[in-house]
1. Report the one residue of ALA7, MET94, MET125 whose Cα lies farthest in the direction of the positive end of the charge dipole of the chain (charges on C-beta: Lys and Arg +1, Asp and Glu -1; origin at the Cα centre).
2. Top mean-square fluctuation among SER100, SER110, SER75, Gaussian network model of the chain, C-alpha springs under 10 Å?
3. Counting only other residues whose beta carbon sits under 12 Å from that of ILE76, what net charge do I get with K and R as +1, D and E as -1?
4. Return ASP83, ASP99 ranked ascending by Cβ neighbour count within 10 Å, so the fewest neighbours appear first.
5. Could you work out the helix-only [θ] at 222 nm for the chain, with each DSSP H run of four or more residues adding -39,500 (n - 2.57) and the total divided by the number of residues, to the nearest 500 deg cm²/dmol?
6. Out of ALA48, ALA71, ALA57, any idea which swings most in a Gaussian network model of the chain, alpha carbons joined below 10 Å?
7. By how many nm would the segment from LEU117 to ILE81 grow when fully extended, if each residue of separation counts as 0.36 nm and the alpha-carbon distance is taken off?
8. Using the 10 angstrom Cβ neighbour count as an exposure proxy, how do HIS8, HIS132, HIS30 rank, fewest first?
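What follows draws every value from the coordinates through simple rules; no lab data is involved. For clarity, every value in this text was computed on a predicted model and none was experimentally measured. Cβ placement follows ideal geometry from the backbone for every residue including glycine, while neighbour counts extend to all protein chains displayed.
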Amino acid sequence: MAAQATAHCLTGCAIGEVLGMVIGTALGLHGLATVVLAVALAFVFGYALTMRGVLRAGVGLRAALGVALAADTVSIAVMEILDNGVMLAVPGAMDAGLDSFLFWGSLAFSLVVAFLLTTPINKWMIGRGKGHAVVHQYHH
């Protein structure tokens, strides 16, 4: 269950992260601006994916946002710290162009690291009825 929750969270994070890194790199933004954009988009897409399912279950918008915040905030935050940390730690990754293997390889590696290290945190939270456990009542 933790791996499934992490994969779900990673999907939203990856969409936002990749989009943010691509936009920031394409626009020639400074590394910090690119990271801020990527993190913001990761939270937006992460929450949106969770809210989509909860809204489909008939929950109102405000309540669905509350569920998404409770379910995903810690997981997304940990993933973002990890994957952006990896991108910043790999020499030249943030400055590599979109046509560079260094950029895409580092980004892919950063998402794998984020998944592997966030899964045990999600397992711990689900075991305590927190995190993604709050979404399960809305799944059909």
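1. Of ALA7, MET94, MET125, it is MET125.
2. Highest fluctuation among the options: SER100.
3. Values: positive: none; negative: GLU17, ASP72, GLU80, ASP83.
So the environment of ILE76 carries a net charge of -4.
4. Exposure proxy ranking, most exposed first: ASP99, ASP83.
5. Result for the chain, helices only: -27500 deg cm²/dmol.
6. ALA57
7. 11.9 nm
8. Values: HIS8 20, HIS132 23, HIS30 10.
If I rank by nearby Cβ atoms, fewest first, I get HIS30, HIS8, HIS132.
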